[in-house]
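**Q** Please read through the structure below; I'll follow up with questions.
The values are calculated or read from the model by the stated rules, or taken from the named source; none is laboratory data. For clarity, every value in this text was computed on a predicted model and none was experimentally measured. Virtual Cβ from ideal backbone geometry, glycine too; neighbours counted across all protein chains shown. Side chains are part of the model used for accessible areas, which takes the heavy atoms of the whole protein and leaves out ligands, DNA and RNA. Shrake-Rupley method; radii C 1.70, N 1.55, O 1.52, S 1.80 Å.
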Amino acid sequence: MHLRGIVFRLFLCFVAAIFVGSPGHGQPSGQWPQRPVRFIIPLGPGSGVDITARVLADKLAVIWGQPVVVENRPGGDAFLAITAVLSAHDDHVLLFAPASTFTAHLLLHDRLPYDPKDLTPIARVTNTLIALGVPTDLNVSTVKELATRIKTEPGKLNYASVTGANDLLFAAWLKIENLDMAKVPYKDAVQAINDLAEGRIHAFVGAYAIMRPRVQAGKVKVIALTNRQHAKALDDIPTASEAGYKLLEFDGLVGLLGPRDFPKTVGDRIAADIREIVTDPQIESRLTATGQVVNPGNAAEFATALQDQVATVKKIGETLGVKPATR
């Protein structure tokens, strides 16, 4: 082989080595992701959202060629998680959350430490099944029986909820039904469920996934689901509307959000990747078993669903006589 040919082959090997060793394993340097991606969750481990995020993280890490790390930041009414995402100023740090943790913020707080417009919808993922649970020992089997029990013992029973919109939803129902029931504040949903199982609180509104172990142990009974559509996986549990209490109807919308001006092309790719994963029969079956309804959607579909939930929360606020705060 001539010297010129040898030099040319060495040059090709050198160029190939540069691309193999570059970020993205040969992909253009501007392609996302270029480093590990973080999903920040405003709830603790064991919630339906946490389970879903971890299932997705494992699969997305393979597709993206970068680690996907799930970080739990519970507490502070989701402010800790949201501000962690926005203060990072990084399109690799995303919020994976139930919309109910933040759509009611303007009704719950005089001022917010963030601007809601700074959160960009990226992908709708699932609908969490939101359950109204009571201690089995309370001997209540329906929403109507719970309402009757509260009326016969005004002020003696209490309830809890961790995410804001669910909390307001139940409070509005109590007001409309003229029911006197005290609220017990909790930072951690798991602790609330433990107290529910032991009868220290008498009703809880939250993700079925967290209640499930206690339900299976016979300590907690779910008397209704707030979701609009009947859950095939929990066919014996009525929706709130089916139980005769449409006022308790509320979908557990879950999705992925990023910082302001998150690149649309990247968001489209993320939404498509998530859709491919969650519609796989094995993954869908796994998520369904944990109290999720697979409901993937792109950024526009997620944004529309969020607007719908905000409108619902606004009506709840009107019922309670709460005016939205100005940021």
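**Q** Restrict the check to segment 220-228 and report whether at least one residue is crowded, with 20+ Cβ neighbours inside 10 Å and part of a helix (DSSP H, G or I). Full working, then the answer.
**A** Of all residues in segment 220-228, those crowded, with 20+ Cβ neighbours inside 10 Å come to 220-227.
Among the residues that remain, those that are also part of a helix (DSSP H, G or I) are: none.
No, because not a single residue in segment 220-228 is crowded, with 20+ Cβ neighbours inside 10 Å and part of a helix (DSSP H, G or I).
**Q** Out of segment 139-195, which residues are within 18 Å of GLY48 (Cβ to Cβ), open to solvent by 50 Å² or more (accessible area, probe 1.4 Å) and among the β-branched types (Val, Ile, Thr)?
**A** Hit for segment 139-195 is VAL190, nothing else.
**Q** Scan segment 73-85 for residues that are open to solvent by less than 30 Å² (accessible area, probe 1.4 Å) and at pLDDT 90 or above and report the count.
**A** 5
**Q** Hey, could you check segment 311-327 for residues that are open to solvent by less than 70 Å² (accessible area, probe 1.4 Å) and in contact (Cβ under 8 Å) with a residue 40 or more places away in the chain and say which is farthest from LYS246 (Cα to Cα)?
**A** Residue satisfying both the conditions and the ranking: ALA325.
**Q** Residues in segment 232-255: is at least one more than 20 Å from PHE204 (Cα to Cα), buried (at least 17 other Cβ atoms within 10 Å of the Cβ) and at pLDDT 95 or above?
**A** Yes.
**Q** Would segment 121-138 turn up any residue that is without any contact (Cβ under 8 Å) to a residue 60 or more places away in the chain and open to solvent by 10 Å² or more (accessible area, probe 1.4 Å)?
**A** As a first pass, look at segment 121-138 and keep what is without any contact (Cβ under 8 Å) to a residue 60 or more places away in the chain: none.
Checking segment 121-138: not a single residue is without any contact (Cβ under 8 Å) to a residue 60 or more places away in the chain and open to solvent by 10 Å² or more (accessible area, probe 1.4 Å).
The rows are residues; the columns are (1) modelled with pLDDT under 85; (2) in a loop (DSSP other than H, G, I, E, B).
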{"position": "PHE11", "(1), (2)": "yes, no"}
{"position": "SER22", "(1), (2)": "yes, yes"}
{"position": "GLN27", "(1), (2)": "yes, yes"}
{"position": "GLY30", "(1), (2)": "yes, yes"}
{"position": "PRO33", "(1), (2)": "no, yes"}
{"position": "PRO45", "(1), (2)": "no, yes"}
{"position": "VAL55", "(1), (2)": "no, no"}
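**Q** Which residues, counting only those in segment 279-298, are in contact (Cβ under 8 Å) with a residue 12 or more places away in the chain and not in a loop (DSSP other than H, G, I, E, B)?
**A** Correct list: ILE283, ARG286, LEU287, THR288, ALA289, GLN292, VAL293, VAL294, ASN295, PRO296, GLY297.
**Q** Can I ask one more? For segment 185-204, give me each residue that is at pLDDT below 95 and touching a Ser or Thr at 6+ places or on another chain (Cβ under 7 Å).
**A** Hit for segment 185-204 is ALA189, nothing else.
**Q** Here is a further query. Need pairs with beta-carbon distance below 7 Å; first residue in a loop (DSSP other than H, G, I, E, B) and among the basic types (Lys, Arg) and within segment 184-203, second surrounded by 17 or more Cβ atoms within 10 Å (Cβ to Cβ) and modelled with pLDDT under 95; sequence gap 6+ or separate chains.
**A** LYS187/PRO74
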